1. Quick check on my link table: of 118/477; 62/108; 133/288, which ones sit more than 25 Å apart, alpha carbon to alpha carbon?
2. When 1/r is averaged over all different Cα pairs and the result inverted, which Kirkwood radius in Å belongs to segment 147-271?
3. Only four residue types carry charge here, +1 at the Cβ of Lys and Arg and -1 at the Cβ of Asp and Glu. Report the dipole size of the chain about the Cα centre in Debye, rounded to the nearest 20.
4. For segment 289-446, take every pair of Cα atoms, bin their distances at 10 Å starting from 0, and report each bin as a whole percent.
5. Need the full-extension length gain, residue 61 to residue 274, defined as separation in residues times 0.36 nm minus the C-alpha distance. One decimal, nm.
6. Treating cross-link reach as a plain straight distance, find the aspartates and glutamates whose alpha-carbon is under 16 Å from the alpha-carbon of residue 244, omitting any fewer than eight places away in the same chain.
7. In the chain, what percentage of the DSSP-assigned beta bridges are antiparallel, given to the nearest 5?
8. Strictly greater than 41 Å: what percent of every Cα pair in the chain meets that?
Amino acid sequence: MLLTVVCVKLIWGLVGLRESVAQNATGKDEWWRDTFIYQVYPRSFKDSNGDGVGDLNGITSKLEHLVDLGVSTVWLSPIYASPMVDFGYDISNFTAIDPIFGTIDDFKRLTTRAKALKLKVVLDFVPNHSSDKHPWFLKSVQRIKPFDEYYIWKDAKMVNGTRKPPNNWLSEFQGSAWQWNDQRKQYYYHEFTVGQPDLNYRSTALQEEMKNVFRFWLNLGVDGFRVDAINFLVEDSRFLDEPKIPNTGFQDTDPRTLRHIYTSDQNETYDIVASWRKLVDSTNGTRKIILTEAYTTLPYAMKYYQFGSNIPFNFIFLRNITSVSKPVDYKRAIDRYLNSIPAGYVANWVTGNHDNSRVASRFGPHRADQITMIAAILPGVGIIYNGDEIGMIDRPMSWNETIDPAGCNAGPSRYNLTSRDPARTPFQWDSSINAGFSTGKKTWLPVHSNYKTLNLQAEKTTQKSSYAITKRLISLKQNPVVQRGTTQVTAIYDAFLGIARRLPNQSPVVLIVNLYNHSMHYDVATFMNIPKQMTVYVANAAANLSIGAKINTSFLQLPGNASVILL
Ligand code: NOJ
């Protein structure tokens, strides 16, 4: 027993030590630390001109909602000129606004208003590919210098007199990643759709062009960038076949059948990120934030910190933790992630985005707010997707309604496994026509039919709504114990997940989640070494507890799916 106490103290001591190192090295005044960042998917946020697609003026008109929530930053998914094959992630001019979203003056008005409201603005930066309609690509096809080298071109492999792609590399969106171009008489490489040719970072001219894109938006006063698909930036120059993973059960066209050792996570990628860090740091004004998107292994993700990313997205709630995860699975994933962060860097927790099923659909409506609660109590930055703050759920789509290339390319029998349309439907503002999103006859994706009851306006008058809970969770980041405390994650048997944050001489902040769907009780006070009497800071609807209620933690009884934060 004594030994256990000594060990526990020793471990706490070490945790405390690491925490203080972390603070000194990060400079605890980075503006994004201990805040939530809010992702706006522009096509679906607010339509100001009735064409059924969201736009910049629509976003500007709703910035107060973000202030009201208390987030620090708005990250805008792409707003650039685009044929919209991948709904803006296929860019035909990196420094122009697509007319569907508005004009550069609309953008300036948006940033001016954001500044007045003390909101930071982060843009999506899509460096891996352009649109095949980009003038660079059109000139590359014609072999005009220096554009001839701006993309990844390779000769065909001739097999028994038949033209074949240069190797077996597969697109993220199914099928060969190579597309034949009859004019240039070569294949070009595309990690994503055929309409998104990959850029070639071995061309120094191309590297400089992309730096100019950064400069253009920095000059307009943006506060940072979310860098898209960063792990795919560079490919191995030997163009060897990637090894097959045996028995995946997936079709041969599925990228999950290959180990992406030549198309992902290449060393040169990190050096390029470091060069961008240098570039953004050389601009005047507020410190700029770089967020990087890479669905990759933990070591590869962590490496981005040291090469200049402030927020290498942490996708554990989108990949490692699912609706069937047990308390011990949460504990393992959270501890592993926290223990992997190099000293001095800030953790982050992505709860949802436009590429994945919505959080309330992934974990079930009764547990809609549970992941946001975990993200709020854990140290570091939370990243929340528009609509999740009101508990929006996926809107199932028929094959005929499906427009996302990731769904369309998978075909009618499998589109619903890969399509991202269901999570991208218009924001539900109120119970008026089109949920207050648009006055148009038709919206680009259908509005979820539940909007009459599930909408922001209704939730503003409901006590235990996702909106009310999220708002309280966002302000929890300002609590000093949550900002600087140590972190203890506990699996209480198979049912409860406990997270306690502590600072010396202060009462802890504690989250308890009942992962069972029926009522359970435990002596959580003894289990987690927390006070026997605590007060409810916030609870989800399933918990049936009011803010401020006093709770006896030595006999904590929670209904199924309940989660509660105690002070
Ligand atoms: C990641 C983006 O989030 C996704 O929406 C897009 O399809 C791919 N990158 C390609 O840009």
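1. 133/288
2. Mean inverse Cα-Cα distance, inverted, gives 16.0 Å.
3. Working: 61 positive and 52 negative charges, 232 e Å.
Its charge dipole is roughly 1120 debye.
4. Calculated over all Cα pairs of segment 289-446, the distribution is 10, 33, 33, 19, 5, 0 percent.
5. 73.1 nm
6. Counting by Cα, and skipping residues close in sequence, residue 244 has these aspartates and glutamates nearby: 172, 252, 254.
7. Around 60 percent antiparallel, to the nearest 5.
8. That fraction is 24 percent.
Every read-out reported here was derived from the displayed coordinates using simple, explicitly stated rules and does not represent laboratory data. All of these numbers come straight from a predicted model, not from anything done at the bench. With ideal geometry, Cβ positions are generated from the backbone for all residues, glycine too; neighbour counts draw on all protein chains shown.
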